[in-house]
1. Which order do 39, 189, 24 fall in if you start with the one that has the fewest other Cβ atoms within 10 Å?
2. For the chain, what does the relative contact order come out to in percent, with C-alpha contacts under 8 Å and a separation of six or more?
3. Tell me the angle of helix 194-204 to the major Cα principal axis of the chain, expressed in degrees between 0 and 90 and rounded to the nearest ten.
4. So if I take the centroid of the Cα atoms in the range 150-176 and the same for the range 52-76, what is the distance between those two points in Å?
5. Which three semi-axes in whole Å describe the equivalent ellipsoid of the chain, each the square root of 5 times a Cα gyration tensor eigenvalue, listed largest first?
6. For n ≥ 4 DSSP H runs only, could you compute -39500 (n - 2.57) per run for the chain, divide by its residues and tell me the 222 nm figure to the nearest 500?
7. Nearest 10 degrees, 0 to 90: what angle lies between the long axis of helix 29-44 and the longest principal axis of the chain (Cα atoms)?
8. How big is the equivalent ellipsoid of the range 216-279 along its three axes, where each semi-axis is √(5λ) from the Cα gyration tensor, reported in whole Å from largest to smallest?
Amino acid sequence: MNFGSDENILVIAPGLTERHYWRDLWRYRELFYVLALRDISVRYKQTIIGVLWALLRPLLTMLVFTLVFSRIAKLPAEGSAPYAIMVFAGLLPWQFFSTSLAESSNSLIDNSNLISKIYFPRLIVPTASVVVSFADFLISFIILLGLMIWYQFLPSWRILSLPLFIALAFLASLGPGLWIASLNVKYRDFRYVIPFIVQLGLYVSPVGFSSSLVPEQWRLLYSMNPMVGVIDGFRWAILGGQSLIYWEGMLLSCAVTAIFLWLGIRHFRRMEKSFADLI
């Protein structure tokens, strides 16, 4: 059915929302900006603790990992880079991933009033929360620059490729984030599982050590963890020199990231119609 003049026509038809869903994502881009800026403002406006915590958390984790893996376990660094910089190059993408997972998992619940009242593509909400986590990433990057100055470490031309691996980290965070966000709407207790998943992932990912220490026969299997490829890519771009990429593992990590992203979007879209009723 058509209502209105020829210049302003409202079309009501079965399945119209489904057909125009991806077009609506672009149409509602301003809402995406508003949600992202609102959450960033809430986190950092008129607060010192928020910014300090974004700086202290990766710094303290780096100090602990450097002490345990370098001083006590005597594990070698990757290439000629100082061990602290190698650890922090792995912490940057991991912190981005873990923060994104935590923020996106609760994003739909936190915006329940908005979701239950008006229509817009719900995919905007968890995606905006991942962008908010990117703000923490940028703040933590300041520490990396400080470490490079402290150790007088000069990155090579590979640093120019870092945006590609940042984009890979974004996609690796978005896929599981969408899946967990949709599950958290229906199963509220699922949010208690997230800290355990993040903690477990920290130890099975090569954050405090180089992935080159993994035995060759297990390395391809190890790369099924998508964060392995992301972390290796960050280190390759930041450390330069003798830091090498295990390309078979990198391709596998990218493939797993793509599969998780597809599954996350697919599961999210399947449950999206019920969000307003369940939330």
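Computed from the coordinates by the stated procedures, all read-outs in this text should not be read as laboratory data. Quantities reported herein were computed from a predicted structural model and do not represent experimental measurements. Reconstructed Cβ throughout: ideal geometry from the backbone, glycine too, with neighbour counts over all protein chains shown.
1. Working: 39 20, 189 7, 24 16.
In order of increasing Cβ crowding within 10 Å: 189, 24, 39.
2. Working: 342 pairs, mean separation 69.4, N = 279.
Rounded, it is 25 percent for the chain.
3. The helix 194-204 is inclined about 30 degrees to the chain.
4. Distance between centres, Cα-based: 20 Å.
5. 39, 20, 18
6. On the way: 13 runs with 190 residues, N = 279.
After summing the helix terms and dividing by the residues of the chain, the value is -22000 deg cm²/dmol.
7. It works out to around 50 degrees.
8. Details: eigenvalues 232, 35, 12 Å².
One finds semi-axes of 34, 13, 8 Å for the range 216-279.
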